[in-house]
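The values are calculated or read from the model by the stated rules, or taken from the named source; none is laboratory data. Here the structure is a predicted model, which is why all the values come from computation and not from measurement. Reconstructed Cβ throughout: ideal geometry from the backbone, glycine too, with neighbour counts over all protein chains shown. Calculation scope for accessible area: heavy atoms of the full protein, side chains included, ligands and nucleic acids excluded. Shrake-Rupley method; radii C 1.70, N 1.55, O 1.52, S 1.80 Å.
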Amino acid sequence: MSFVADPVTFIIDWLQRVLGGWGLSSGWVQFILFALGAILLTVGPMLLTVGLIWVERKLGGRFQDRLGPNRVGPWGVFQTIADMLKIFTKEYITPIGADKVLYNLAPILAVGAVLGVWAVIPLSSTIFGTNINVGVLYIMAVGAIGELGVILAGLGSNNKYALLGGFRAVAQLISYEVPMVLALLVPVMLSGSMGLNDIAGAQKVAYVFLVPAAALVFFIAAIAENGRAPFDLMEADSEIVAGFNIEYSGLKFGMFYVADFLHAFTSALVFSTIFLGGWQGPGAEQYPILGFIYLMIKTVIVYVFLLGVRFTLPRFRIDQMMAVNWKLLTPLAMAAILVTAIVDKLTPGGFGLVRIVALLVSNVGLLLITNWLVGAYVRAHRARRQVVSGPRTVVVAPPKPVSEAQEVNA
Amino acid sequence: MIPLSWFLILSAILFIIGLFAVITRKNSIAILLGIELMLNAANINIITFWRYLYAPSGNLDGIILALMVFVVAAAETAVGLGLILSVYRRRKTVVADDLDTLKG
Amino acid sequence: MTLMQVIFLANALVTIFAALMMVTSRKLIHAALWLVLCLFGVAAVFGMLEASFITIVQIIVYIGAIAILILFAVMLTQNAVDDSYKGNRRWLMTGLVALLALGGTLLALFTWPKVASLSTALTTAQLDIGLIGQALVDPQGYVIPCEGSSLLLIAALIGAIYVGMERKGEEK
């Protein structure tokens with residue numbers, strides 16, 4: 001394996017030889033290599049966020065028919081750096097009566113939860129942080145830690161709006177974990193393992209073509225877990241003025257900001273790994289560096305799609321959001337599991353044409369049935385709603401002639 | 001290689017600390033925290049014995065038992081907290097010593 | 001002292017320290033957070049015992065659900081009285097009895113001949129998660145505990161909703 005084809009494994013082997021030559025035992029060498037990998041996987045995404053914020057603001061501007069940042073540097077590229085300088089130098093204003101432990105711990109947990117996901121994603125066939133055999137569940141567990149950060153921010157700010165925002169945010173996050181886990185069960189069923197390396201490696205045909213129902217449910221649940229529009233009740237600017245992070249300023253708010261943007265990219269990364277085939281592509285087995293490039297291209301496409309959803313859809317109310325979750329997504333996810341399991345057992349294994357077509361047809365049929373059911377429910381709901389009155393025509397008095405007005409005045 | 005006794009000592013210490021929390025704290029929610037700690041210590045015990053004595057023969061008893069303990073702990077915490085909130089709504093207190101209307 | 005022993009000792013120290021801080025915290029929210037740290041330590045112990053499924057389930061269920069539930073309950077029942085373990089008049093006696101119980105347990109433990117046994121290495125086939133899934137639905141396996149636990153969860157769900165519901169017309 002030369003340096004060009006597989007740089008990371010090359011460097012790892014070289015480091016192992018060097019450190020072993022210094023006389024360290026193999027246990028300590030492994031520990032040092034893991035520590036180095038952890039540092040890289042933590043610093044890398046944080047540096048990536050600088051570019052992500054620029055992409056989001058520029059593309060968001062374009063979606064909304066405006067320019068986006070275009071002053072600082074060509075195409076506004078250095079705008080994020082200017083923002084970073086501003087956030088670094090802002091004063092930390094801690095509200096009176098705020099619980100210091102809770103208040104300061106919340107941003108750490110929020111960012112840590114997002115960075116923790118990067119440890120299990122296979123960036124190529126040989127580059128990954130660790131290969132635990134419960135990778136899919138690990139992603140859910142780390143997301144749960146992020147929710148803990150949100151509730152701590154709401155509780156520790158000594159502010160009614162923060163508390164309200166925190167409650168609603170945690171209710172939303174906990175509710176949307178259920179369809180997310182159920183939708184993640186479907187690729188686990190198809191590939192036979194919970195480890196992300198196995199799921200990415202088993203996708204000769206990308207799972208989004210085999211189980212689009214589960215992919216759709218996971219996509220929607222991931223947007224809701226992130227707290228982006230149309231599920232951005234957590235930080236609804238027009239309602240509760242920034243929600244649970246209202247009392248944060250300076251770099252602490254910067255951490256929440258980074259966590260938000262990085263979570264979007266991480267959700268796109270997880271979706272690409274589990275449903276789009278991860279690092280699979282022509283020539284990715286021989287040249288692992290190509291696998292990394294393929295993964296990044298797929299992630300950027302899904303990320304741009306996420307941005308498109310964010311900047312076009314209006315916000316849900318809290319009861320509409322809960323209704324969508326418990327009445328639409330969870331039953332749909334359970335039905336997707338049932339349908340996929342039955343069809344998978346009835347068709348011959350492998351990636352033969354019969355299995356692909358059967359799974360695709362059954363999932364699309366499930367989505368169409370759901371669409372029809374939702375339409376029927378909406379129509380029945382509208383029929384039951386009381387109509388107070390029909391539309392009234394507005395009556396406008398004809399204008400008085402000018403001579404009459406002069407007579408009255410005189 | 002970690003000897004079996006180290007895990008059991010850790011589990012015993014955590015259990016005793018949880019027991020101390022249940023006996024000495026007056027707030028009902030703090031008592032629930034102590035109960036959670038005791039359940040976790042029991043879980044460590046179960047998984048330790050599974051790993052050292054049952055796993056080499058492929059027996060999965062320990063893991064299933066630990067899963068049942070998780071289920072019981074979750075159910076008991078949910079119902080217990082519901083009870084505590086209901087009591088708080090009526091009596092405006094969660095201190096365990098103040099809930100003595102059934103006392104003889 | 002191998003690396004795993006060092007890591008285990010560090011983890012055990014953090015867990016026991018967090019448990020002690022949980023017992024001695026005056027504010028209930030801090031006690032709940034120390035419990036969360038203790039649960040992380042327990043999850044790390046499960047990881048060292050190569051029960052990876054239980055590790056992740058511990059984090060999801062305890063820290064992701066039960067700890068958040070406890071934080072909600074602490075928030076909703078906030079009273080100005082600070083709780084402390086010294087509130088109980090006999091806390092010293094309780095501590096002594098607890099230490100005696102600990103000593104007795106450990107003494108009885110060390111008379112067991114297998115107490116210092118080391119673990120045998122497990123093959124990857126034995127650590128397969130699919131085995132747990134198959135065991136949970138196997139009629140000769142553990143399908144009855146699985147169904148029983150689902151009944152327990154439904155009962156707890158209905159019970160918690162009913163107990164915690166505010167009934168209209170009741171005096172507040």
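Filter the stretch B:38-56 down to the residues that are open to solvent by 40 Å² or more (accessible area, probe 1.4 Å), at the interface with chain C (Cβ under 9 Å from one of its Cβ atoms) and hydroxyl-bearing (Ser, Thr, Tyr) and list them by number.
Once the filter is applied, which keeps residues that are open to solvent by 40 Å² or more (accessible area, probe 1.4 Å), at the interface with chain C (Cβ under 9 Å from one of its Cβ atoms) and hydroxyl-bearing (Ser, Thr, Tyr), the stretch B:38-56 yields nothing.
Here is a list of conditions, (1) surrounded by 17 or more Cβ atoms within 10 Å (Cβ to Cβ); (2) in a loop (DSSP other than H, G, I, E, B), and A:Ile96 meets all of them except one; can you say which number that is?
Result: A:Ile96 fails condition (1) only.
Matching residues to (1) under 30 Å from C:His30 (Cβ atoms); (2) β-branched (Val, Ile, Thr); (3) touching a Gly at 6+ places or on another chain (Cβ under 7 Å); (4) modelled with pLDDT of 90 or more:
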{"position": "A:Gly51", "(1), (2), (3), (4)": "no, no, no, no"}
{"position": "A:Leu67", "(1), (2), (3), (4)": "no, no, yes, no"}
{"position": "A:Met84", "(1), (2), (3), (4)": "no, no, no, no"}
{"position": "A:Ala98", "(1), (2), (3), (4)": "yes, no, yes, no"}
{"position": "A:Val101", "(1), (2), (3), (4)": "yes, yes, no, no"}
{"position": "A:Val114", "(1), (2), (3), (4)": "yes, yes, yes, yes"}
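In the stretch C:41-78, how many are within 10 Å of chain A (Cβ to nearest Cβ), free of Cβ contacts under 8 Å to residues at least 24 places away in the same chain and within 11 Å of the chain's Cα centre (by Cα)?
Qualifying residue count, the stretch C:41-78: 5.
Mind listing whichever residues of the stretch A:1-43 are among the small types (Gly, Ala, Ser) and more than 19 Å from A:Tyr287 (Cβ to Cβ)?
Listed by number, the residues that qualify are A:Gly20, A:Gly21, A:Gly23, A:Ser25, A:Ser26, A:Gly27, A:Ala35, A:Gly37, A:Ala38.
Residue check, A:Ser267 against (1) modelled with pLDDT of 90 or more; (2) surrounded by fewer than 21 Cβ atoms within 10 Å (Cβ to Cβ); (3) hydroxyl-bearing (Ser, Thr, Tyr), all met but one. Which one?
With (1) modelled with pLDDT of 90 or more; (2) surrounded by fewer than 21 Cβ atoms within 10 Å (Cβ to Cβ); (3) hydroxyl-bearing (Ser, Thr, Tyr) applied to A:Ser267, the lone miss is (2).
In the stretch C:95-146, how many residues are more than 30 Å from C:Thr24 (Cα to Cα) and part of a helix (DSSP H, G or I)?
Of the residues in the stretch C:95-146, 17 are more than 30 Å from C:Thr24 (Cα to Cα) and part of a helix (DSSP H, G or I).
When the residues of the stretch A:1-52 are filtered to those that are free of Cβ contacts under 8 Å to residues at least 12 places away in the same chain, more than 22 Å from A:Phe292 (Cβ to Cβ) and more than 14 Å from chain C (Cβ to nearest Cβ), which remaining residue is surrounded by the most Cβ atoms within 10 Å (Cβ to Cβ)?
Step by step, filter the stretch A:1-52, then rank; the result is A:Gly20.
So which residues in the stretch B:8-28 are at the interface with chain C (Cβ under 7 Å from one of its Cβ atoms) and either at positive phi or not aliphatic (A, V, I, L, M) (or both), if there are any at all?
Within the stretch B:8-28, the first condition is being at the interface with chain C (Cβ under 7 Å from one of its Cβ atoms), and the residues that meet it are B:8-10, B:12-14, B:16-17, B:19-21, B:23-27.
Selection gives B:Phe20, B:Thr24, B:Arg25, B:Lys26, B:Asn27.
Is it true that B:Ile31 is modelled with pLDDT of 90 or more, more than 7 Å from every other protein chain (Cβ to nearest Cβ) and either open to solvent by 20 Å² or more (accessible area, probe 1.4 Å) or touching a Phe, Trp or Tyr at 6+ places or on another chain (Cβ under 8 Å) (or both)?
yes
Quick check: anything in the stretch A:312-325 modelled with pLDDT of 90 or more and closer than 18 Å to A:Val208 by Cα?
no
I need a count of the residues in the stretch C:138-160 that are open to solvent by 60 Å² or more (accessible area, probe 1.4 Å) and either more than 23 Å from the chain's Cα centre (by Cα) or more than 10 Å from chain B (Cβ to nearest Cβ) (or both).
Count: 7.
In the stretch B:74-94, what residues are within 7 Å of chain C (Cβ to nearest Cβ) and in contact (Cβ under 8 Å) with a residue 12 or more places away in the chain?
Scanning the stretch B:74-94 gives B:Thr77, B:Leu81, B:Ile84, B:Val94.
Since A:Pro45 meets every condition but one in (1) farther than 30 Å from A:Leu163 by Cβ; (2) not in a helix (DSSP H, G or I), which condition does it not meet?
Against the list (1) farther than 30 Å from A:Leu163 by Cβ; (2) not in a helix (DSSP H, G or I), A:Pro45 comes up short only on (2).
Pairs needed: first member in the stretch A:53-82, on the phi > 0 side of the Ramachandran plot and surrounded by 14 or more Cβ atoms within 10 Å (Cβ to Cβ); second member anywhere, charged (D, E, K, R) and not in a loop (DSSP other than H, G, I, E, B); C-beta distance under 6 Å; at least 6 residues apart or different chains.
Correct list of pairs: A:Gly68/A:Arg57; A:Gly68/A:Lys58.
Of all residues being open to solvent by 60 Å² or more (accessible area, probe 1.4 Å) and not in a loop (DSSP other than H, G, I, E, B) in the stretch B:77-100, which is nearest to C:Leu131 (Cα to Cα)? Just the residue, please.
If we take residues in the stretch B:77-100 being open to solvent by 60 Å² or more (accessible area, probe 1.4 Å) and not in a loop (DSSP other than H, G, I, E, B), then B:Leu83 is nearest to C:Leu131 (Cα to Cα).
Could you list, in sequence order, the residues of the stretch B:61-76 that are open to solvent by less than 20 Å² (accessible area, probe 1.4 Å) and small (Gly, Ala, Ser)?
Correct list: B:Gly62, B:Ala66, B:Ala73, B:Ala75.
With on the phi > 0 side of the Ramachandran plot and touching a Phe, Trp or Tyr at 6+ places or on another chain (Cβ under 9 Å) as the only criterion, which of A:Asn158, A:Asn197, A:Asn245 stands out?
A:Asn158
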